[in-house]
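Report on one structure; see the data block that follows.
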Amino acid sequence: MLPGFSPDSSLLATGCGDGAIRVYNSGTGRMVYNLNPPKGGDSDMPTTAVRFRPTMTHSKTRNVLLAVNADGTASHWHITSGKCLHTIKEEDNQLFCVDYRPDGSVFATAGKDYCVRIYDEATKTLSTTLMGGRTADNPGHSNRVFSLKFKPDDPNLLISAGWDNTVQIWDLRIETSVKSIFGPHICGDAADICGDRILTGSWRPADQLEVWDFGTGKLLESIPWCPDANALGSPEPCMLYAAKFSNTGGGRLIGAGGSGANEAKLFDRKFSNKLVGTVQGMTRGVFSLDFSHDDTKVAVAGGDAAIRILNIQSCEAAALVDNAANTQAAAAASAATE
């Protein structure tokens with residue numbers, strides 16, 4: 001299950017393993033819309049990522065959701081009417097990630113075939129295919145891509161990351177990769193960018209959560225997953241599928257989660273990456289998480305087909321309260337494939 005908050009944080013959309021897109025009221029946990037319900041058989045491929053379209057002043061249509069699927073399709077849905085507005089099919093490809101530029105004018109997709117594709121939102125047409133780099137030191141991707149993000153303060157830049165142990169920094173003005181960061185092994189929506197910092201969450205037992213300098217590509221810090229581990233024994237490692245900066249306060253909070261230990265954690269950058277919250281006790285791994293746009297909530301979802309919505313009470317108090325009592329709001333949905 002792959003959650004994403006609406007621009008006003010009132011709705012939470014989830015992409016599910018059976019291809020359905022279920023939308024919940026983020027306050028009550030009740031399902032309010034069910035898009036693309038499964039038809040049965042082997043044709044229902046997982047919905048692998050969802051993004052609400054940013055609020056656009058020149059468009060009268062609100063509540064538009066973009067979802068990508070393992071069958072290679074990217075579909076625009078009007079949530080309140082339940083209608084599919086448009087579908088793009090990338091032949092011989094599987095899509096694993098999608099993101100909007102903050103102004104909503106373009107969106108990007110990536111997946112199995114190593115390419116990052118840029119589409120015009122108004123016309124739904126392909127404008128650019130990003131494949132290689134300017135030099136041999138940044139050749140582009142050589143394996144599947146699982147995460148991509150536009151740089152919030154520069155419409156020409158975006159990052160992508162995946163199985164090839166690299167983060168690529170792309171410049172749309174020259175349509176190439178201009179820098180490569182080597183090291184992170186990304187297997188989910190686990191690369192993010194805030195200001196001049198890049199966050200990566202790697203699917204590995206050590207040095208999972210790292211922060212990099214956008215300008216130089218150098219590693220700035222590795223955030224210990226278990227900062228209070230003692231000499232009596234090491235807890236089971238958590239290999240990360242998800243990592244994200246919060247939306248306010250200059251990305252003050254970092255949320256991340258994964259498999260192995262099957263847990264999610266929240267760290268406060270203002271207090272030297274202090275661990276301020278942990279969600280444990282899940283039977284399967286955490287595949288995705290998202291902060292509400294005002295950072296008052298965080299949603300955690302994964303292989304146990306449940307969504308957990310938690311209140312972020314106060315950054316200063318550095319405390320989390322489970323607002324949904326581990327709500328099984330999506331227990332009927334098929335779990336995403338690990």
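Results, tabulated for the structure shown:
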| read-out | value |
| --- | --- |
| From N156, N165, N143, residue being without any contact (Cβ under 8 Å) to a residue 24 or more places away in the chain, surrounded by fewer than 18 Cβ atoms within 10 Å (Cβ to Cβ) and closer than 26 Å to G303 by Cα | N165 |
| Residues of segment 121-137 satisfying the condition of being within 24 Å of S6 (Cβ to Cβ) and within 21 Å of the chain's Cα centre (by Cα) | E121 |
| From S75, S9, residue being assigned to a strand (DSSP E or B), small (G, A, S) and crowded, with 16+ Cβ neighbours inside 10 Å | S75 |
| Conditions (1) in contact with a His (Cβ under 7 Å, 6 or more places away or on another chain); (2) closer than 20 Å to P46 by Cβ; number of the one not met by D99 | (1) |
| Meets criteria (surrounded by fewer than 23 Cβ atoms within 10 Å (Cβ to Cβ) and in contact with an Asp or Glu (Cβ under 9 Å, 6 or more places away or on another chain)) for G104 | yes |
| A318 being under 17 Å from the mean Cα position of the chain (by Cα), buried (at least 17 other Cβ atoms within 10 Å of the Cβ), at pLDDT below 50 and more than 19 Å from S9 (Cα to Cα) | no |
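The values are calculated or read from the model by the stated rules, or taken from the named source; none is laboratory data. Not measured: the values here are computed from a predicted model. Note: ideal-geometry Cβ built from the backbone for every residue, glycine included; neighbour counts use all protein chains shown.
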